[in-house]
Amino acid sequence: QVQLVESGGGLVQPGGPLRLSCAASGSTFAITVLGWYRQAPGKQREMVATISRFNTNYSDSVKGRFAISRENRGNTVVLQMNNVKPEDTAVYYCHYRYKSWEYWGQGTQVTVST
């Protein structure tokens, strides 16, 4: 089992920065794909950003504003959010994949508002 503990969500003003962090523990492995997904009320869950050993991928809506990275020898995935917009408001979920194993975090609320 893999546990994903998220932190950093909350209320932020438009244009401001926010840093989300997700720490993976338990039966983790060296080569994984980690990512952040989000789901706004009444909308489908969408990919925000993913990161593997040598590749990152971003949704068009966050390119140039968000940055995904690994820390703690790859066991922590960080989403640095810059220039946030009201449309970024959603529940953000950490995601972990290794071969056929897949895990999700509990979700953390991000609200962009004045």
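For segment 98-114, give me each residue that is open to solvent by 80 Å² or more (accessible area, probe 1.4 Å) and out of contact with any Gly (no Cβ under 8 Å at 6 or more places or on another chain). Step through it out loud before you land on a result.
From segment 98-114, those open to solvent by 80 Å² or more (accessible area, probe 1.4 Å) are 99-102, 104, 106, 109, 114; that's our starting set.
Within segment 98-114, K99, S100, W101, E102, W104, Q106, T114 meet the criteria.
Which numbered condition in (1) closer than 13 Å to G9 by Cβ; (2) at pLDDT below 95 is the only one that T111 fails?
Looking at each condition in turn, T111 falls short on (2).
List pairs: first in segment 21-46 and closer than 15 Å to E71 by Cβ, second loosely packed, with under 10 Cβ neighbours inside 10 Å and of a type outside the set (G, A, S), Cβ under 9 Å, 6+ apart or cross-chain?
That search, which allows pairs on different chains as well, returns A30/R73.
Hey, among the residues in segment 3-19 that are modelled with pLDDT of 95 or more and polar (S, T, N, Q), which one's least open to solvent (accessible area, probe 1.4 Å)?
S7
Out of segment 50-75, which residues are in contact with a strand residue (DSSP E or B) (Cβ under 8 Å, 6 or more places away or on another chain) and closer than 12 Å to D88 by Cβ?
Hits for segment 50-75 are S59, V62, R65, F66.
For segment 8-47, list the strands (runs of 3 or more DSSP E) that sit wholly inside it and hold at least 2 residues that are within 22 Å of N75 (Cα to Cα) and either within 17 Å of the chain's Cα centre (by Cα) or charged (D, E, K, R) (or both); which are they?
Numbers: elements: 10-12, 18-26, 33-39.
Here the list reads 18-26, 33-39.
Can you work out which of the residues in segment 30-50 that are surrounded by 13 or more Cβ atoms within 10 Å (Cβ to Cβ) and modelled with pLDDT under 95 is farthest from N83 (Cα to Cα)?
Going through the qualifying residues, I end up with T32.
Of the residues that sit in segment 63-75 and are surrounded by 15 or more Cβ atoms within 10 Å (Cβ to Cβ), touching a residue at least 24 places away in the same chain (Cβ under 8 Å) and more than 12 Å from the chain's Cα centre (by Cα), which one is farthest from Q3 (Cα to Cα)?
G74
Mind listing whichever residues of segment 76-95 are open to solvent by less than 50 Å² (accessible area, probe 1.4 Å) and more than 11 Å from the chain's Cα centre (by Cα)?
Initially, segment 76-95 is screened for residues open to solvent by less than 50 Å² (accessible area, probe 1.4 Å), giving 76-79, 81, 84, 88-92, 94-95.
Passing the criteria: V84, D88, T89, A90.
The values are calculated or read from the model by the stated rules, or taken from the named source; none is laboratory data. Bear in mind the structure is a predicted one, so any value in this text is a computation, not a measurement. When we count neighbours, we look across all protein chains shown, and the Cβ atoms used for this are built from the backbone with ideal geometry, even at glycine. All accessible areas refer to the heavy atoms of the entire protein, side chains included, with ligands and DNA or RNA removed. Shrake-Rupley method; radii C 1.70, N 1.55, O 1.52, S 1.80 Å.
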